[in-house]
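The values are calculated or read from the model by the stated rules, or taken from the named source; none is laboratory data. Every value quoted in this text rests on a predicted model; they were computed, and no experiment measured them. As a convention, Cβ positions derive from the backbone with ideal geometry for all residues, glycine included, and neighbour counts pool all protein chains shown. Ligands, DNA and RNA are stripped out before the accessible areas are found, and what is left, the full protein with its side chains, is counted by its heavy atoms. Shrake-Rupley method; radii C 1.70, N 1.55, O 1.52, S 1.80 Å.
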Amino acid sequence: QGACVVLPGFFVAAELIVAGVDPVTLYEKHYSRVDPFHLKDAHFVDSLQEYKGKEGANLLNDGGQRGVVRWFYEMGRPGGLVKFPALMESLKKHNYQGWIMVENEQSPNPAESCMLNSWYMRFVLAKA
């Protein structure tokens, strides 16, 4: 996390997870520089650091050396690595007033993804 530079702008929790960075810790450190939030979940960390290499742009499409079929998932699916309730607690603690967007990236069924994310926001995040 010491090598991570946070510029004002999008905070994409799942992409931070893929890069091996804890989004909650990073937000706690740089909360005044973040707006907006982009929520999706990740199930894998790029432990081979392929993200940093010249083929990093293709990592999400070709799965890298491990052949990961899908890096990003809906919130609340088993195996998700983003700690959404803790992130929401931190947003409330720092009185975040900006936009929060949800993305259904790499979904084989976008309609199902919208329903899953909507349910999770309503019944889990709204109570966090």
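Model label sites at Lys93 and Val45, defined 7 Å from Cα along the beta-carbon direction, differ in position by 2.0 nm.
Taking the Cα centre of segment 17-88 as origin and assigning +1 to Lys and Arg Cβ atoms and -1 to Asp and Glu Cβ atoms, the resulting dipole is close to 40 debye. Other residues within the sphere of radius under 9 Å centred on the Cβ of His43, judged by their own Cβ, net out at +1 (K and R +1, D and E -1).
What the phi angles of segment 92-105 give under the Karplus curve with 6.51, -1.76 and 1.60, with θ = phi - 60°, is a coupling list of 5, 4, 9, 6, 4, 10, x, 6, 10, 10, 10, 10, 10, 7 Hz, glycine and proline written as x. Surface composition of segment 48-128: carbon and sulfur atoms hold 55% of the protein heavy-atom accessible area at a 1.4 Å probe.
Bridge orientation summary for the chain: considering DSSP beta bridges with both residues in this region, about 25 percent are antiparallel.
Summed over the residues of the chain and divided among them, the accessible surface reaches 59 Å² per residue at a probe radius of 1.4 Å. Evaluated with a Cβ-only charge set (Lys, Arg +1; Asp, Glu -1), segment 67-113 carries a dipole of roughly 220 debye about its Cα centre, given to the nearest 20.
Result for the chain in a Gaussian network model with C-alpha springs under 10 Å: among Asp62, Asp35, Asp46, the largest mean-square fluctuation is at Asp62. Under a Gaussian network description of the chain, with springs only between Cα atoms under 10 Å, the residue in Asn104, Asn58, Asn117 that fluctuates furthest is Asn58. Solvent-accessible surface of protein heavy atoms, probed at 1.4 angstrom with all chains present, puts Trp71, Trp99 in the order Trp99, Trp71, largest first. A simple charge model with +1 on the Cβ of Lys and Arg, -1 on the Cβ of Asp and Glu and nothing else charged puts the dipole of segment 8-128 at about 340 debye relative to its Cα centre. Once both labels are positioned 7 Å from their Cα atoms along Cα-to-Cβ, the gap between Val69 and Arg33 label points is 3.8 nm. Under 5 Å between amide hydrogens, built in the peptide plane, is the criterion, and for Val102 it picks out Leu39 among residues at least 5 positions away or on other chains.
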